[in-house]
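Everything below concerns the one structure shown next.
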Amino acid sequence: MTMLSSPEKLECARKDIVSRIDPTKPCISVCAGAGCLASGAAEVIAAFKTELEFHGLTTEVNTKGTGCPGFCERGPIVMIYPEEICYLRVKPEDVAEIVSHTIKEKKLVDRLLYVDPATGEKATRESDIPFYKNQQRNILSENLRIDSKSIDDYLAIGGYSALSKALFQMSPEEVMGEVKKSNLRGRGGGGFPAWRKWEESRNAPDPIKYVIVNADEGDPGAFMDRALIEGNPHSILEGLIIGAYAVGAHEGFIYVRQEYPLAVININLAIRQAGERGLLGKNILGSGFDFTVKVHMGAGAFVCGESSALMTALEGRAGEPRPKYIHTAVKGVWDHPSVLNNVETWANVTQIISKGADWFTQFGTKGSTGTKIFSLVGKITNTGLVEVPMGVTLRDIIEKVGGGIPGGKQFKAVQTGGPSGGCIPEAQLDLPVDFDELTKAGSMMGSGGMIVMDEDTCMVDIARYFLDFLKDESCGKCTPCREGIRQMLKVLTNITTGKGKEGDVELLEELAESTGAALCALGKSAPNPVLSTIRYFREEYEAHIRQKKCPALSCKELIAFHIDPDKCKACGTCFRQCPAEAIDGGKKRIHVIDQEKCTKCGTCFDVCPPRFGAVRKISGEPVPAPIPEEQRAMA
Amino acid sequence: MSEIHLQIDGKEVVASEGMTILDAAKTVGIAIPTLCHHEKLEPYGGCRICTVEVEVRGWPKLVAGCIYPVEKDLVVRTRSEKVDKIRKVLLEEMLAHAPDAEELQALAKEYGADRDRFEKEPSFCIHCGLCVRYCAEIKKKHAVGFVDRGSNREISFIPEIASKECWDCKECFPLCPTSALQAAYVLAESLIPQPDAEVSSCSCSCSCSGKSGTGE
Ligand SMILES: Cc1cc2nc3c(=O)[nH]c(=O)nc-3n(C[C@H](O)[C@H](O)[C@H](O)COP(=O)(O)O)c2cc1C
Ligand code: SF4
Ligand code: SF4
Ligand code: SF4
Ligand code: SF4
Ligand code: FES
Ligand code: FES
C-alpha cells in the first residue's frame with residue numbers, strides 16, 4: 001500500500017485506478033446494505049460468483065457489493081452496468097437466467113423489472129423508476145457507484161479530492177467560509193447552522209478540540225445514517241477530516257449505534273484504509289495536518305443521540321443529558337470544544353468543499369439549502385430512503401416519490417421528525433419541506449423520519465403510541481419529561497380505551513406546556529405528537545371522549561363487529577375462520593357474533609366476501625341486538 | 001471578577017461572573033424554589049422546580065435558575081404566569097409520589113398545587129438525585145444509584161457496597177426531600193448483609209473469606 005504523501009501522488013493513484021477500469025466491461029452490482037442482506041443479498045452475490053465461474057466469465061464481468069440505494073423494500077437489488085439495468089427482488093434462483101440472458105445475450109429478464117402499479121409499464125433502468133426519478137440523489141447516488149469496502153472505488157469517483165483541496169488550496173478560514181456560504185444546517189435534529197458551531201469551536205482558546213460524527217440514529221424506522229455510513233464510509237470520514245482542519249481539531253470520534261454492526265465494520269475498515277494511504281494520521285497527504293479518529297459503539301437508548309448525553313457517553317459515563325448552558329462547541333467532551341454533527345451533515349461537507357457552496361445552494365430553499373434524505377415508511381406504496389431538494393412539498397414526496405397510498409385508501413396524516421415530531425394533515429400537504437416551515441406547522445424536520453398514515457389510523461392512538469415509546473426512552477432525569485410523559489400517556493390511554501373525560505384535552509395541553517421546562521430536547525419536544533394531533537384532529541379526541549367513538553374504527557375498546565342479518569348469505573367463511581369461536585352460524589342460518597366472546601381481531605370483517613360485505617365495524621353506537629334464534633333460518 | 005448587570009423581576013441586580021440566576025436572585029432577596037440543588041454537589045438540573053423565564057435576544061426561554069449563568073443585560077422573570085403554572089404541575093406530579101413530603105407541601109401551598117390531582121404512584125422517590133450524588137461525589141462510595149430509565153427509573157442500593165458503607169454513614173438520609181429514603185434503606189436492608197456478619201466466616205471451604213451469602 002503506497003502512502004500518498006502529496007496531492008500529486010493522490011491524483012496519480014487515482015489516475016492509475018481509473019485507467020484500470022474499463023467502462024464497457026459488464027459489472028453486476030448487488031446492493032449489500034443491511035436491508036438487502038436481510039432479504040438474501042449475500043446468497044445472490046455468491047450465486048453470481050458461482051454462475052460466472054461456470055460460464056468462465058469471472059475475468060470478463062465484475063461483481064461488487066454496493067451501498068444501499070434506498071429501495072430496500074424491493075431488495076435484493078441488482079444493477080447491471082454499463083446498461084444500468086435494474087432488477088428488483090432478485091433471488092439466487094434468478095441468477096442463472098440473469099447471466100445467460102442479460103450478460104451473455106443482452107436481453108432483459110422482464111419479470112424482475114419494476115412495474116408501475118398505475119400504468120403496468122415496466123422500467124428498465126433505475127432512472128426510469130418513478131421512485132428514483134423524482135428524487136435528487138446528490139448523496140445517495142454515490143452509494144451505488146462504489147463497493148462500500150473499497151477505498152479504490154471511492155478514489156475512482158473523486159474521493160478525497162475535497163480533502164486535498166481543503167488542505168492545499170484553502171486556509172481553515174476559507175473552508176469555514178465555504179461552509180458558511182453554503183448555509184448547511186444540521187441534518188440530525190435541530191437544523192442548527194453547521195458553521196456557527198464550527199466557528200464557536202475554532203474561536204475557543206482551548207487548543208484541544210474534537211470533531212464528532214453522530215451515528216446513533218435512534219429513531220425507530222429511520223435508517224438514512226446507517227445507509228450512508230455503511231454504503232459510503234469514506235465520504236463521512238472525508239467530511240470529518242475537513243471539519244477537523246477547519247476548526248483545528250486533531251482528534252475525532254465516530255459514535256455508532258451498536259445495533260449497526262455492518263456500519264461499524266465498514267467505518268473501521270475505511271479508517272484503516274485511509275490510514276494506510278496517508279489520508280488519516282500524521283501529516284495527512286504531506287500537509288503537516290494531523291488527525292486521528294476513534295470509533296465508539298453506543299449501546300444506549302434513543303436519548304444517547306442527544307448531544308450532551310452522547311458526549312457524556314464518549315467520556316465513558318452513563319449516557320445521560322446534562323445541563324448545558326455553555327455550548328458543547330465550547331465545552332464538550334472532557335470540557336474541550338467539541339463539534340458534533342450528524343452523519344448526513346458530514347457527508348454534505350465533503351460535497352460542499354468538492355463542488356462549492358454555489359453548487360450546493362442551487363438545491364433547496366433560502367433558509368434550508370441542499371437536499372435531505374428522508375426515511376419514508378408507513379401506509380405508502382414505495383417505502384425507502386428518499387433524497388429530495390429541500391422545499392419540495394410533502395405532497396410531491398408522498399405522491400410522486402412514494403407512489404401514493406396503497407389499497408385505494410385515503411391519506412390522513414404524515415408524521416415527520418421521528419418519535420417527537422408532529423402529525424401533518426392533508427390540508428397542509430402543500431407545505432414545502434423546510435426546517436422552519438415544518439416547525440411552524442407544529443412538527444419538525446428531525447433527522448428525517450416520515451411516517452405516512454391512512455384513514456384507518458386513529459390519531460389519538462398514534463399520539464399514545466409515540467408517547468409510549470418516549471416513556472421508555474426518556475432518561476428519567478428531569479421531572480417534566482419523566483412525569484409529564486407518564487401522565488400524558490395515562491390520559492391518552494384512558495381516551496383510547498373509552499375512559500376519557502371532559503377536560504382531558506385541556507389537561508394534555510397543560511402537561512405539554514410543563515415539558516417546556518425539561519432539561520433536554522427529548523422532553524421539550526415529547527408533546528409534539530400530542531399537540532399536533534390536538535391541533536389538527538381535535539374532533540377525533542372529542543369523539544373518543546364524548547361519544548366513546550373512534551372515528552378511524554381502530555381503537556379496540558371502542559369498536560365492535562356486527563353481522564348485518566340482511567346481508568349475511570350464510571357462506572360460513574367467517575364462522576370457519578373466527579379464532580375465538582365467537583360466531584354462531586350453520587348451514588342456511590344467518591350468522592351472529594357473540595359480543596361476549598369476540599376478541600375484535602377483525603378476521604370476520606376481512607374475510608367476509610366483498611360481494612356480501614355483511615360484517616360491519618361499528619363505533620360510538622350500540623351494537624344491534626342479535627336477531628332471535630327463530631328468525632335465523634334462511635329461506 | 002467582572003460585574004454583570006442584569007434584571008430579575010424588575011430589579012436591577014449586580015452579580016459577578018460565575019454566579020447562577022439562583023445566586024444572583026438571592027443577593028436581592030428573591031427566593032427561587034429548589035429541590036435538587038445542593039451547594040456542595042455538581043450542577044444537576046433534575047427537578048426543574050427552579051425554572052424561570054429569561055429573555056435572550058428578545059426570545060423568552062425557560063431555564064433552570066440553579067444552573068443558568070448570569071449574563072449581561074439578562075432579563076429574568078421568576079414568577080411569571082407561565083412559570084407559576086409549570087411549577088404547579090411539576091409539584092402535582094411529584095406529590096403523586098410523595099404526598100406527605102413537607103417540602104413539597106409547603107411549595108404546594110405557595111403555588112396552589114393540588115396534592116391529589118394525579119393518581120398516586122407506588123414509588124415515593126421524586127428523583128432529585130441528592131442521595132445518589134451525595135454518595136458518589138462527597139462520600140465517593142456509589143452505594144446508591146439510579147437503575148432503568150424513563151418512567152421506570154428508580155433508586156437502588158448496591159448491596160455489595162451498601163453492606164459495607166451505609167451502616168455507619170447514613171448521611172444521605174436527611175437530604176431526601178421525601179424523608180422516605182430511610183424507609184427504602186430499611187427495606188433494602190433485609191437484602192443487605194450486615195457489616196458484623198461479614199467477619200463471621202462462611203462455612204464453605206473456598207477462599208471467599210466469608211464475604212458473600214452470610215447475611216442470614
Ligand atoms: C433525544 C434526542 C435524540 C437525538 N438523536 C440523534 C441521533 O440519533 N443522531 C443525530 O445525528 N442527532 C441526534 N440528536 C440531535 C443531536 O442532539 C445533535 O443536535 C446533532 O447530532 C447535531 O448534529 P447536526 O447539527 O449535524 O444535526 C438527538 C437529539 C435528541 C434530543
Ligand atoms: S428531558 Fe427527558 S431525556 Fe432529557 S434529561 Fe430530562 S428526563 Fe432525560
Ligand atoms: S372480530 Fe374476530 S373474534 Fe370477533 S367475531 Fe370476528 S373473527 Fe371472531
Ligand atoms: S448511607 Fe450509604 S448511600 Fe447514603 S451516602 Fe452513605 S454510603 Fe452512600
Ligand atoms: S430517594 Fe430521596 S434523595 Fe434519593 S433521589 Fe429519591 S427523592 Fe431524592
Ligand atoms: S439495503 Fe439494499 S436497497 Fe437498501
Ligand atoms: S433546583 Fe434547579 S433543577 Fe432542581
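Tabulated data for the structure shown
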| read-out | value |
| --- | --- |
| Verdict on residue A:239 being small (Gly, Ala, Ser) and either in a strand (DSSP E or B) or surrounded by fewer than 21 Cβ atoms within 10 Å (Cβ to Cβ) (or both) | no |
| Selection count where residues are open to solvent by 60 Å² or more (accessible area, probe 1.4 Å) and closer than 30 Å to residue A:495 by Cβ, scope region A:595-616 | 8 |
| Single residue of B:93, B:81 found to be over 21 Å from residue B:46 (Cβ atoms) and either touching an Asp or Glu at 6+ places or on another chain (Cβ under 6 Å) or within 12 Å of chain A (Cβ to nearest Cβ) (or both) | B:81 |
| Region A:191-224 - residue that is more than 15 Å from the chain's Cα centre (by Cα), in a loop (DSSP other than H, G, I, E, B) and of a type in the set (A, V, I, L, M) and, of those, nearest to residue A:67 (Cα to Cα) | A:208 |
| Matching residues in region A:470-505 - criterion: being surrounded by fewer than 24 Cβ atoms within 10 Å (Cβ to Cβ), more than 10 Å from every other protein chain (Cβ to nearest Cβ), in contact (Cβ under 8 Å) with a residue 24 or more places away in the chain and of a type outside the set (Val, Ile, Thr) | A:498, A:500, A:501, A:502, A:504 |
| Test result for residue A:250, assigned by TED's automatic domain parsing to the domain that holds residue A:286, of a type outside the set (S, T, N, Q) and open to solvent by less than 10 Å² (accessible area, probe 1.4 Å) | no |
| Wholly within region A:269-379, strands (runs of 3 or more DSSP E) carrying at least 2 residues that are crowded, with 24+ Cβ neighbours inside 10 Å and away from ligand 2 (no atom under 16 Å from the Cβ) | A:338-342, A:371-378 |
| All positions within region A:26-60 that are open to solvent by less than 10 Å² (accessible area, probe 1.4 Å) and away from ligand 6 (no atom under 14 Å from the Cβ) | A:28, A:48, A:52 |
| Residue within region A:137-157 that is surrounded by 24 or more Cβ atoms within 10 Å (Cβ to Cβ), within 14 Å of ligand 1 (Cβ to nearest atom) and either within 19 Å of residue A:340 (Cβ to Cβ) or not assigned by TED's automatic domain parsing to the domain that holds residue A:29 (or both) present | yes |
| Filter result for residue A:532 (small (Gly, Ala, Ser), within 16 Å of ligand 1 (Cβ to nearest atom) and in contact (Cβ under 8 Å) with a residue 60 or more places away in the chain) | no |
| Scope region B:39-65; condition touching an Asp or Glu at 6+ places or on another chain (Cβ under 9 Å) and under 24 Å from residue B:140 (Cβ atoms); matching residues | B:40, B:41, B:42 |
| Matching residues, region A:388-426, being within 23 Å of residue A:129 (Cβ to Cβ) and hydrophobic (A, V, I, L, M, F, W, C) | A:388, A:390, A:392, A:394, A:397, A:398, A:401, A:405, A:411, A:414 |
| Neighbours by Cβ (under 6 Å, 6+ apart or cross-chain): first from region A:356-377, at negative phi and touching a residue at least 40 places away in the same chain (Cβ under 8 Å); second open to solvent by 40 Å² or more (accessible area, probe 1.4 Å) and outside any loop (DSSP other than H, G, I, E, B) | A:357/A:178; A:357/A:181; A:367/A:436; A:369/A:361; A:377/A:451 |
| Residues (among the β-branched types (Val, Ile, Thr) and either out of contact with any Ser or Thr (no Cβ under 8 Å at 6 or more places or on another chain) or on the phi > 0 side of the Ramachandran plot (or both)) located in region A:32-75 | A:44, A:50, A:58, A:59, A:61 |
| Hey, residue A:540 open to solvent by 20 Å² or more (accessible area, probe 1.4 Å) and either away from ligand 2 (no atom under 12 Å from the Cβ) or among the aromatic types (Phe, Trp, Tyr) (or both) or not | no |
| Positions within region B:79-99 being free of Cβ contacts under 8 Å to residues at least 40 places away in the same chain, within 18 Å of the chain's Cα centre (by Cα) and surrounded by fewer than 23 Cβ atoms within 10 Å (Cβ to Cβ), in sequence order | B:88, B:96, B:99 |
| Residue check for residue A:512: in contact (Cβ under 8 Å) with a residue 40 or more places away in the chain and closer than 30 Å to residue B:153 by Cβ | no |
| Residue among B:164, B:211 that alone is modelled with pLDDT of 85 or more, open to solvent by 80 Å² or more (accessible area, probe 1.4 Å) and not in a strand (DSSP E or B) | B:164 |
| Any hit, region A:391-406, residues being free of Cβ contacts under 8 Å to residues at least 12 places away in the same chain and either touching a His at 6+ places or on another chain (Cβ under 7 Å) or surrounded by fewer than 23 Cβ atoms within 10 Å (Cβ to Cβ) (or both) | yes |
| Among the candidates A:550, A:598, residue that is over 25 Å from residue A:453 (Cβ atoms) and either within 16 Å of ligand 1 (Cβ to nearest atom) or part of a loop (DSSP other than H, G, I, E, B) (or both) | A:598 |
| Residue match in region A:440-461 (condition: out of contact with any helix residue (DSSP H, G or I) (no Cβ under 6 Å at 6 or more places or on another chain), more than 14 Å from chain B (Cβ to nearest Cβ) and without any contact (Cβ under 8 Å) to a residue 40 or more places away in the chain) | yes |
| Given (1) among the charged types (D, E, K, R); (2) touching a strand residue (DSSP E or B) at 6+ places or on another chain (Cβ under 7 Å); (3) surrounded by fewer than 14 Cβ atoms within 10 Å (Cβ to Cβ), number of the condition residue B:48 does not satisfy | (3) |
| Verdict on residue A:13 being open to solvent by 10 Å² or more (accessible area, probe 1.4 Å), in contact (Cβ under 8 Å) with a residue 12 or more places away in the chain and within 23 Å of residue A:232 (Cβ to Cβ) | yes |
| Flag if residue A:65 is among the small types (Gly, Ala, Ser), within 30 Å of residue A:398 (Cβ to Cβ), touching a strand residue (DSSP E or B) at 6+ places or on another chain (Cβ under 7 Å) and outside the structural domain of residue A:449 (by TED's automatic domain parsing) | no |
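Conditions tested, residue by residue: (1) within 16 Å of ligand 7 (Cβ to nearest atom); (2) more than 9 Å from chain A (Cβ to nearest Cβ); (3) closer than 30 Å to residue B:122 by Cβ; (4) at pLDDT below 95.
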| site | (1), (2), (3), (4) |
| --- | --- |
| B:22 | yes, yes, no, no |
| B:46 | yes, no, yes, no |
| B:53 | yes, yes, no, no |
| B:63 | yes, no, no, no |
| B:73 | no, yes, no, yes |
| B:85 | no, no, yes, no |
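The values are calculated or read from the model by the stated rules, or taken from the named source; none is laboratory data. For clarity, every value in this text was computed on a predicted model and none was experimentally measured. We place every Cβ from the backbone using ideal geometry, glycine too, and count neighbours over all the protein chains shown. Protein only, heavy atoms only, side chains kept; ligands, DNA and RNA dropped before computing areas. Shrake-Rupley method; radii C 1.70, N 1.55, O 1.52, S 1.80 Å.
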